[in-house]
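Accompanying notes for the structure given below.
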Amino acid sequence: MPPLPLQLIHGFLVGLAGLLPGLCGSTLLVLFGIYRPLTAALAHPCSGFRQKWLRFGPFFLAAGAGLLVGSRVLAAVFARHETATLFLFMGFMLGALPDLFAQARQAKGNTGGWIAFVVLFLACLALDIGRDRLDPRAGGMQDRWEVWALAGAGIGLGSMIPGASVAFILIAFDLYQPLLDVVGRLDAGILVPVVIGAGIAIFAFARVADWLFRHAEGIAIRGVLGLAAGSLWLVYPGWPGAASGWRCLLLLGAGYVLSARLNRWGRPDRS
């Protein structure tokens with residue numbers, strides 16, 4: 001077990017990254033060597049509960065603090081520079097793709113894994129085609145607790161799958177900025193269903209994730225690759241042109257370099 005100060009630093013950074021599309025908190029969990037122990041602990045939460053709380057309690061508290069701080073900063077930046085921020089986020093995702101693709105090629109399994117890639121990629125395209133019909137702004141959908149519970153469930157799933165970033169789907173359906181505002185001001189009316197949805201998804205999927213990456217690694221990694229590639233299609237805002245275009249291109253490159261380095265340092269075989 002790492003010393004307490006290091007646990008707090010790790011937790012704060014994971015919480016901070018949890019809101020960054022393309023640079024998800026699960027990637028840092030792998031980098032810090034926490035992913036496999038944490039998913040194994042969450043897969044059987046009642047077994048040795050006291051020991052698990054002593055081991056991961058400070059980490060979760062620090063992650064909550066990182067999430068709160070990160071939401072306030074991101075809410076301000078995203079509201080003022082949405083297009084530029086999206087290019088940075090896309091750079092984060094692009095930087096993860098080469099490592100994900102290499103893992104997908106090396107992973108054990110038959111063609112079923114590539115079927116998972118195609119299915120999830122096409123699912124993202126289908127969401128893009130039908131996003132007008134599913135627009136949560138229509139009919140006051142953003143005020144309904146079911147929408148936010150589903151958003152929380154998506155965040156929970158994304159936090160358990162290294163390389164997956166469900167936040168891109170939240171951006172595509174205009175839920176990302178409202179979510180940042182909610183977390184930043186601690187709006188209980190919306191935050192509670194988000195937390196409940198995320199908690200249920202994390203505990204329900206932890207056992208599935210633990211099993212998948214142990215026994216069906218090819219399907220898991222290739223499915224994540226399909227989701228990651230399709231997510232880029234969902235959020236591409238179009239080329240801004242002129243001087244703004246060059247700034248966006250620089251941010252895309254910076255995001256790519258940072259993400260590629262983190263993913264290279266934090267490959268699953270180090271967890």
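The values are calculated or read from the model by the stated rules, or taken from the named source; none is laboratory data. Quick caveat, the model's predicted, so the values are computed rather than measured. Positions of Cβ are backbone-derived with ideal geometry, glycine not excepted, and every protein chain shown enters the neighbour counts.
Per-residue answers, yes or no, for (1) farther than 17 Å from Gly154 by Cβ; (2) in contact with a Leu (Cβ under 8 Å, 6 or more places away or on another chain); (3) without any contact (Cβ under 8 Å) to a residue 40 or more places away in the chain; (4) part of a helix (DSSP H, G or I):
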site: Ala206; (1), (2), (3), (4): no, yes, no, yes
site: Ala209; (1), (2), (3), (4): no, no, no, yes
site: Arg214; (1), (2), (3), (4): yes, no, yes, yes
site: Ala229; (1), (2), (3), (4): yes, yes, no, yes
site: Trp239; (1), (2), (3), (4): yes, no, yes, no
site: Ser244; (1), (2), (3), (4): yes, no, no, yes
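Suppose we filter the stretch 54-95 for residues that are over 20 Å from Gly253 (Cβ atoms) and not in a helix (DSSP H, G or I); how many remain?
Residues flagged as over 20 Å from Gly253 (Cβ atoms) and not in a helix (DSSP H, G or I) within the stretch 54-95 amount to 0.
Name the single residue, out of those in the stretch 43-55 being without any contact (Cβ under 8 Å) to a residue 40 or more places away in the chain and hydrophobic (A, V, I, L, M, F, W, C), that is surrounded by the fewest Cβ atoms within 10 Å (Cβ to Cβ).
Cys46
Return the total of residues in the stretch 217-262 being buried (at least 17 other Cβ atoms within 10 Å of the Cβ) and of a type in the set (Phe, Trp, Tyr).
1
Name the residue that is farthest from Glu146 (Cα to Cα), counting only residues in the stretch 174-189 that are among the charged types (D, E, K, R) and part of a helix (DSSP H, G or I).
Arg185
List the residue pairs whose Cβ atoms are under 9 Å apart, where the first residue sits in the stretch 91-112 and is under 20 Å from His215 (Cα atoms), the second is acidic (Asp, Glu) and at pLDDT below 75, and the two are 6 or more positions apart or on different chains.
Listed pairs, sorted by first residue: Gln103/Glu217; Ala107/Glu217; Lys108/Glu217; Gly109/Glu217.
Would you tally the residues in the stretch 70-84 being touching a helix residue (DSSP H, G or I) at 6+ places or on another chain (Cβ under 7 Å) and in contact (Cβ under 8 Å) with a residue 40 or more places away in the chain?
Residues in the stretch 70-84 being touching a helix residue (DSSP H, G or I) at 6+ places or on another chain (Cβ under 7 Å) and in contact (Cβ under 8 Å) with a residue 40 or more places away in the chain: 9 in total.
Given the condition at pLDDT 75 or above, closer than 23 Å to Val194 by Cβ and of a type in the set (A, V, I, L, M, F, W, C), answer yes or no: does some residue in the stretch 157-173 qualify?
Yes; the residues of the stretch 157-173 include at least one that is at pLDDT 75 or above, closer than 23 Å to Val194 by Cβ and of a type in the set (A, V, I, L, M, F, W, C).
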